[in-house]
Amino acid sequence: MAAAGTLGARLYASATALVDIEGSANAIGDFTGLTIATEVGLIESFGEFGRMFAPVNFQAVADGRMYKLKGGFDDGNISLTLGQDLTDAGQALLSSYGNASNQFTYPFKITLTGADASFDTIYFGAKVMSYRTQMGSVNNVIKAMVTLDINTPIFTGAS
């Protein structure tokens, strides 16, 4: 797989929550069969995301050495920066999900332009934890700051 640029990447959300996270989102096939079709418009930045393990440290008295192990893991979150537009269907979904007080996890996909055809789509399930307005100063665009807490494994495959 060759490196791919971010230009042309798109984020899509589903209008339907995942029903059973433990049983329905553990393989890429669990996402490819879903309708994840509402594009989120005006994305300025995707931020970073991916699995990170918690460090587990142990220091032996005999030699003073710090032993480091991998503990539990978190697949992270995506901090999106958007040019705020609530008339955009995707942003309207994110806003409604972010303001709802439920525990739903929604399926998402990111499509990449210029990536190897075998690895041009990223699938994951996430809770929309926030959709917040950022005003800035006189020469700024009103933005939305969105946090997607990833709640399933992240899968990369073909679209």
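The values are calculated or read from the model by the stated rules, or taken from the named source; none is laboratory data. Treat the numbers as computed from the prediction; the structure is a model and nothing was measured. All Cβ positions, even for glycine, are placed from backbone atoms using ideal geometry, and neighbour counts span all protein chains on display.
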Filter pass, residue 28 being modelled with pLDDT under 90, of a type in the set (A, V, I, L, M) and in contact with a strand residue (DSSP E or B) (Cβ under 8 Å, 6 or more places away or on another chain)
yes
Output the residue which, of all residues in region 29-62 that are surrounded by fewer than 16 Cβ atoms within 10 Å (Cβ to Cβ), β-branched (Val, Ile, Thr) and farther than 24 Å from residue 101 by Cα, is farthest from the chain's Cα centre (by Cα).
61
Filtered residue count, region 63-83, keeping only those that are under 15 Å from the mean Cα position of the chain (by Cα) and under 25 Å from residue 134 (Cα atoms):
7
Selected residue (criterion: farthest from residue 106 (Cα to Cα)) from residues of region 25-57 that are out of contact with any Leu (no Cβ under 6 Å at 6 or more places or on another chain) and without any contact (Cβ under 8 Å) to a residue 24 or more places away in the chain:
57
Strands (runs of 3 or more DSSP E) within region 84-159 that include 2 or more residues at pLDDT 95 or above and within 13 Å of the chain's Cα centre (by Cα)
106-111, 121-134, 143-150
May I ask you to list pairs of residues, at least six apart or on different chains, whose Cβ atoms are under 7 Å apart, with the first in region 100-121 being more than 28 Å from residue 132 (Cβ to Cβ) and the second being among the β-branched types (Val, Ile, Thr) and surrounded by fewer than 21 Cβ atoms within 10 Å (Cβ to Cβ)?
119/156; 120/111
Of all residues in region 58-83 being without any contact (Cβ under 8 Å) to a residue 12 or more places away in the chain and not in a loop (DSSP other than H, G, I, E, B), which is farthest from residue 144 (Cα to Cα)?
59
